[in-house]
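What follows is one structure encoded as C-alpha cells, with my remarks underneath.
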Amino acid sequence: ESVMPVNLNKLLRDVLSISTQRLLAEGIVVEWQPALDLPTVLGHVGRLRSMFKHLLANAMEAMTNNRTERELRIRTSSDAEMITVVIEDTGPGIPESLRLKVFEPFFTTKKSARRTGMGLAAVQEIVNIHTGTIRIDPEYRQGSRFIVQFPTAHFRKI
C-alpha cells in the first residue's frame, strides 16, 4: 500500500459509519468531536483504518456488560507538529498492572476461544510504522482513554 496524505477526520468518520449498526444495536451513544481544521498524516490508509477499527471494536466490546452508561467519545486535535486522536469509552477500564501488557502479542483478557490477543498488538505496530505513539491515560477513571498521536505530514517524511 502506498503512502499518501491521510485526513484522519474523514477516516474516523468512515470507520464510525461502518460501525453504525453495531453501535445502535448495543445502545452506544457516540460523541464525535473532530477538529475543524486537521492537518494530514502521511500514511497507509488501509492500515490506519484497521487500527481505528480495532480501537473502536475494543471500546464497544468493553462496554458490552455496562448496563447503564454506554458512551464512546472520539475527538481529534492538532498543533503545529502533532495530530492527536482521543478515544474514550465507559467500560470497566484497564487495570494499571495490564496497561503495557495489553499491547503484547497473544495477550488477551477475553474469555472467548476466538480471541488471539492480536488486536492491540496490531494497533501498536501500525502506530509504530507511522512514527506515532499510543498510550492509555492513567488518570481517566470513567472507563478507558486511548491517546494516539502522529506527526503531521509537514513534519514527517517516509
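The values are calculated or read from the model by the stated rules, or taken from the named source; none is laboratory data. Model, not experiment: these values are computed from the prediction. Positions of Cβ are backbone-derived with ideal geometry, glycine not excepted, and every protein chain shown enters the neighbour counts. Ligands, DNA and RNA are excluded from the accessible area calculation, which covers all protein heavy atoms including side chains. Shrake-Rupley method; radii C 1.70, N 1.55, O 1.52, S 1.80 Å.
General remarks:
- When we screen 87, 74, 94 for residues that are open to solvent by less than 80 Å² (accessible area, probe 1.4 Å), within 22 Å of residue 124 (Cβ to Cβ) and in a loop (DSSP other than H, G, I, E, B), the only hit is 94.
- Checked against (1) at pLDDT 80 or above; (2) open to solvent by 20 Å² or more (accessible area, probe 1.4 Å), residue 101 passes all but condition (1).
- Filter pass, residue 36 being closer than 19 Å to residue 75 by Cα and in contact with a strand residue (DSSP E or B) (Cβ under 6 Å, 6 or more places away or on another chain): no
- Of the residues in segment 29-36, none is open to solvent by less than 20 Å² (accessible area, probe 1.4 Å), within 17 Å of residue 148 (Cβ to Cβ) and either assigned to a helix (DSSP H, G or I) or at pLDDT 95 or above (or both).
- Test for residue 73: is it at pLDDT 95 or above and either within 16 Å of the chain's Cα centre (by Cα) or closer than 16 Å to residue 11 by Cβ (or both): yes
- Top-ranked residue in segment 1-28 [being part of a helix (DSSP H, G or I) and farther than 20 Å from residue 47 by Cα; ranked as most open to solvent (accessible area, probe 1.4 Å)]: 21
- Within segment 48-76, the set of residues being within 17 Å of residue 17 (Cβ to Cβ) and of a type in the set (S, T, N, Q) comprises 50, 76.
- Candidates in segment 38-65 are the residues that are free of Cβ contacts under 8 Å to residues at least 40 places away in the same chain and over 20 Å from residue 129 (Cα atoms); of these, the one that is least open to solvent (accessible area, probe 1.4 Å) is 64.
- Just one of the listed residues (31, 26, 81) is within 17 Å of the chain's Cα centre (by Cα) and at negative phi, and it is 31.
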